[in-house]
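Worksheet: one structure, shown below.
What follows draws every value from the coordinates through simple rules; no lab data is involved. The model shown is predicted, which means the values in this text are computed figures rather than measured ones. Note that we place each Cβ from the backbone using ideal geometry, even for glycine, and neighbour counts take in every protein chain shown.
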Amino acid sequence: GDVVGAEVELRRALELKQSENTVVPLLATALLAQGKGKDVQAMFSKTTLTDAKSDLALKIRLAEAEAMVNNIDGALAILAEVLKASPEPAQARILNARLTAYKGNVADAMAQLDALITRDPTQAEAFLVKGDLLQRGPDAKTPPDLPAAAASYRQALKLRSGYLQAHFALTSLLVTQDDMSGIKAELAELQKVAPKHPQTMFFDAIVSEREGDLKKARELTQQLLRGASNNV
C-alpha cells in the first residue's frame with residue numbers, strides 16, 4: 001500500500017487525539033516500511049501504551065527499529081522484555097531468531113524457530129526464516145541443507161499464498177542450483193502475483209539468457225537499470 005500516505009494520515013490521527021493504542025503501532029509500522037527506524041526511536045522509545053497488547057506491538061516495532069540502525073543488542077534486549085511479558089507474540093520470536101542468527105548463533109536460532117513451529121505450525125514467516133538459515137548451515141563445518149531449505153520455503157508458500165519473500169528466496173535458491181524447470185515454475189507464479197516487480201523481471205532475464213533469448217534478456221536488464229537509475 002501507500003505507506004507515505006498512511007504515515008500522513010496516522011500523524012493527523014495522533015494530532016486529532018485519536019486512540020494512541022490504535023494509532024501508534026500502525027504509525028511505527030508505516031515508518032519502518034520506509035526505513036525510518038531512527039524516527040521510530042525518536043518518537044516512541046519512551047512511550048508506554050495503556051493497552052497491553054498494543055504496547056507489546058509497539059515494543060516489537062521498537063526492536064525492529066533498533067535492528068534497522070544495527071543496534072542488535074538493543075533490539076534483543078527489547079525482545080527479551082516482550083517475551084518475558086508474554087511468550088505469545090510469534091513476530092517477536094521470529095525476529096529474535098533472526099537476530100540470534102545474525103550474531104552468529106545459527107543453531108540456537110534454528111532451535112527457537114523449531115520450537116515456535118512445533119507450537120504453531122501456521123507461521124509462514126517462521127518457515128521463511130528457517131529456509132534462510134538452512135541455506136547458511138549451522139556452522140562453518142556443516143554444509144547447507146539446500147533441499148530442506150527449499151522445502152521450508154515451499155511450506156511458507158503453502159501457508160501464505162503469494163508470499164513474495166518466500167517466492168524470491170525459493171527462486172534464488174533454484175537459480176544457484178541451475179534448476180531450470182523449478183525456476184520457470186516459480187517465475188510463472190511470480191508473473192501472476194507481481195509481474196512488474198524488479199525481482200520478477202530479474203528472474204525472467206535469467207531464464208531468457210539461459211534459454212538463448214539474448215534480446216529479451218537485454219531488454220529486461222535495460223528496464224531494470226532504468227528503474228534503478230530513476231530511484232537514485
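Against the chain, whose longest principal axis is taken from its Cα atoms, helix 90-102 shows a tilt of about 60°. What you get for the chain, charging only the Cβ of Lys and Arg (+1) and of Asp and Glu (-1), is a dipole of about 180 debye around the Cα centre. Restricting the stretch 46-146 to trypsin sites (Lys or Arg not before Pro) that sit in a DSSP loop and have at most 13 other Cβ atoms within 10 Å of their own Cβ leaves Lys46, Lys103, Lys141.
If R0 is 45 Å, the Cβ-Cβ spacing of Tyr102 and Asp213 corresponds to a FRET efficiency of close to 0.70. At an R0 of 22 angstrom, the distance between the Cβ atoms of Glu88 and Ala111 translates into a FRET efficiency of 0.75.
Both numbers refer to the Cα atoms of the stretch 161-232; Rg and Dmax are 12.0, 35 Å. Between the residues Asn105, Leu10, Ile60, the greatest Cα displacement towards the positive end of the dipole of the chain, with unit charges on the Cβ of Lys, Arg, Asp and Glu, is found for Leu10.
In the chain, taking the dipole from charged Cβ atoms about the Cα centre, the farthest positive-side position among Ile117, Leu174, Asn70 is held by Asn70. For the chain, the longest principal axis of the C-alpha atoms and the axis of helix 164-176 are separated by about 40°. Computed from Cα positions, the angle between helix 180-193 and the longest principal axis of the chain comes to roughly 50 degrees. Taking 27 Å as the straight-line reach from the Cα of Lys59, the lysines in range (excluding those fewer than 8 positions away in the same chain) are Lys17, Lys36, Lys38, Lys46, Lys84, Lys103, Lys130.
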